[in-house]
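Trainee: Got a structure for you, questions after.
The values are calculated or read from the model by the stated rules, or taken from the named source; none is laboratory data. This structure is a prediction, so every number in the text was calculated from the model and none was measured. Neighbour counts are summed over all protein chains in view; Cβ atoms, including those assigned to glycine, are modelled from backbone coordinates with ideal geometry.
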Amino acid sequence: MGAETLPYMIGLDLGTSSCKALLFDATGHRHAIGRVAYDTSNGRGGDVSQQPEDWWAAAVKALGQVASLVAGRPLLGIGLSGQIGTHVLLDPAGTPLHDAITWQDGRSATVIQEVESRIDGKWLSRELDTWLPPGAAWPLVRMLWLSQTMPALLSRARWLAQPKDFLTLRLTGRMVSDPSSWRGIARPDGTILTDALETLGLPNLIPELATGSAVAGTLLPSVAASTGLPNGLPVFTGMNDLNCSLLGIGAVRESQGFDVAGTSEHLGCITRAPSDHPYVNSVPLHGTDSELYSVYGVTSNGGAALEWASSALIGQGTNRLAATGLSGESFSALVEASQVGARGLLFLPYLRGERAPVWDVRARGALVGLTQTHGAPEIARATLEGVALNLRQIRDLLPAFAAGTTEIRATGGPSRMPAWNRIKADVLQTPIRLMRETNSSALGAAALAAIGGGLFSSPVEAAASMVQTVRTVDPDAAAGRLYDDVYLSFRELYPCLAHLTHSDQ
């Protein structure tokens, strides 16, 4: 097949802060990108919400931005990727009954103990072949909380939808999701653990589940008209953004390490055996290999910490910087003006509570060791170092890292910052392999469309063709020794400060 006849695939990724539509060919080369941001509302009561109609408006606009560049070349379809742990109740017509409650909203943590007291965790893990730490955004916890706080809305609901599900419904008129997006209630084969729902007295509002490369439906005429895409274009079910990212960086084989960075950040590795560590996620490698697991910790404060520091120090967030073409260069310059260890300044990056490694929605961030001699460069470096040191704490919960993981494949917006890649390599003392395409979740979604469209026979074959690496950042041994000492101090921050930060709730 000549280059001029290679088909295109669109990867549509609905993330925490924006919707992105990327146009790829079968070699993984990106031909176009559309990106539209939307707002997140933070209430005084700890509620964190988004508007589903904002997701839809962003998706239509992003798709329209790439549609004109297809230029008559064969288009296989649209593959989907999306954030999970964000929920909205829909009525039978698909109309949202309330603002979407995001994964950053920790209010449902109040019912975690009730769920654990009524459902045996070991039984749940065995039934689902999935091990998850207690979390406010897992389906059973969020649904029980909704039943207690919004019973009237729950009684009117036909579905509990996540962002990708809402897009699928609007694009095709069908409500279809996938097992990876409903971890915590769905088995790998796509069946729902209804016994758990019944134990909690909850209705089954989970959408129909299908494999990520299955056709969820075809583009509605009205959507085709508003986007400029072909009427009847196949829309493939896709997976959650993490699983799409793993496919999009080629983490499809045992012992491959990964760092998937965005607003939050996932650090882990692909293993042959699951983990039952209470603070570690261990999930079948959905859509790729039923005998492998992705074992990882997820922090709520990856790019979110960078966004906060960038706004505080130079008056504009990284999203705005990227839009103006600076891509964080101003912030990177601040970091480079400081030295390893930020001259004794430590940053605890728990700005939105924290998942791994502490799983505490009441955790808070802190700058410790601040003196009048510290300035913007030290604060900027300490911010990035704090996230990296937190990742090291997560890494230490993952024994598989010591059993054959020789590199970490890094992706996401933060991986475009050389200063941060250097810090991570030195803190983790592991080579960081960088990807040609840093929008890996969109690339993984496009790969699923390519598989579903018959271009490839498997995720491994798709990854071999579409995923390319560009360079490796090797760790510096001397910097690593310095960070070993910093790490010892960093580990003491959360235990020392937790009793203070909890008192403000």
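Trainee: Can we say Ser290 is on the phi < 0 side of the Ramachandran plot, hydroxyl-bearing (Ser, Thr, Tyr) and part of a helix (DSSP H, G or I)?
Mentor: So Ser290 fails the test.
Trainee: Something else about it: What number of residues within the stretch 238-263 satisfy the criterion of being assigned to a helix (DSSP H, G or I) and surrounded by fewer than 24 Cβ atoms within 10 Å (Cβ to Cβ)?
Mentor: 0
Trainee: Please state which of the following conditions Ser147 fails to meet, knowing it meets all the rest: (1) in contact (Cβ under 8 Å) with a residue 12 or more places away in the chain; (2) within 18 Å of Val280 (Cα to Cα); (3) over 22 Å from the mean Cα position of the chain (by Cα).
Mentor: Of (1) in contact (Cβ under 8 Å) with a residue 12 or more places away in the chain; (2) within 18 Å of Val280 (Cα to Cα); (3) over 22 Å from the mean Cα position of the chain (by Cα), only one is false for Ser147: (2).
Trainee: Looking at the stretch 47-70, I want the residues that are more than 18 Å from Val235 (Cα to Cα) and have a partner that is among the aromatic types (Phe, Trp, Tyr) and part of a helix (DSSP H, G or I) with Cβ atoms under 6 Å, at least 6 apart or on another chain. Which pairs are those?
Mentor: Once the first residue is more than 18 Å from Val235 (Cα to Cα) and sits in the stretch 47-70, its partners that are among the aromatic types (Phe, Trp, Tyr) and part of a helix (DSSP H, G or I) give Pro52/Phe166.
Trainee: What's the number of the only condition in (1) touching a helix residue (DSSP H, G or I) at 6+ places or on another chain (Cβ under 6 Å); (2) more than 20 Å from Ser108 (Cβ to Cβ) that Leu169 fails to meet?
Mentor: Result: Leu169 fails condition (1) only.
Trainee: Would you pick out the residues in the stretch 219-237 that are closer than 22 Å to Ser181 by Cβ and either under 26 Å from the mean Cα position of the chain (by Cα) or in a helix (DSSP H, G or I) (or both)?
Mentor: Passing the criteria: Leu219, Val223, Pro234, Val235, Phe236, Thr237.
Trainee: Do you know which of the residues in the stretch 153-195 that are of a type in the set (Ser, Thr, Tyr) and more than 23 Å from Val283 (Cβ to Cβ) is surrounded by the most Cβ atoms within 10 Å (Cβ to Cβ)?
Mentor: Here the residue is Thr172.
Trainee: If Val387 satisfies all but one of (1) at pLDDT 95 or above; (2) closer than 25 Å to Gly248 by Cβ; (3) touching a strand residue (DSSP E or B) at 6+ places or on another chain (Cβ under 6 Å); (4) among the aliphatic types (A, V, I, L, M), what's the number of the condition it fails?
Mentor: (3)
Trainee: If you don't mind, another one. For the stretch 277-308: of the residues being over 18 Å from Gly412 (Cα atoms) and more than 18 Å from the chain's Cα centre (by Cα), which is modelled with the lowest pLDDT?
Mentor: Step by step, filter the stretch 277-308, then rank; the result is Ser290.
Trainee: Here is a follow-up. Kindly establish whether Leu267 is within 19 Å of Ala214 (Cα to Cα) and either among the β-branched types (Val, Ile, Thr) or not in a loop (DSSP other than H, G, I, E, B) (or both).
Mentor: So Leu267 does not fit the description; no.
Trainee: Exactly one condition in (1) closer than 19 Å to Leu23 by Cβ; (2) under 23 Å from the mean Cα position of the chain (by Cα); (3) free of Cβ contacts under 8 Å to residues at least 40 places away in the same chain is false for Gly190; which is it?
Mentor: (1)
Trainee: Out of the residues in the stretch 83-134 that are in a loop (DSSP other than H, G, I, E, B) and among the hydrophobic types (A, V, I, L, M, F, W, C), state the one that is farthest from Gly297 (Cα to Cα).
Mentor: That would be Ala93.
Trainee: Which ranges mark the helices (runs of 4 or more DSSP H) fully within the stretch 438-505 that have 2 or more residues being of a type in the set (Ser, Thr, Tyr), over 24 Å from the mean Cα position of the chain (by Cα) and closer than 21 Å to Glu265 by Cα?
Mentor: 477-501
Trainee: Here's something else I'd like to know. Going through the stretch 24-52 one residue at a time, which ones are assigned to a strand (DSSP E or B) and either in contact with a Leu (Cβ under 6 Å, 6 or more places away or on another chain) or not assigned by TED's automatic domain parsing to the domain that holds Leu12 (or both)?
Mentor: Within the stretch 24-52, Asp25, Arg30, His31, Ala32, Ile33 qualify.
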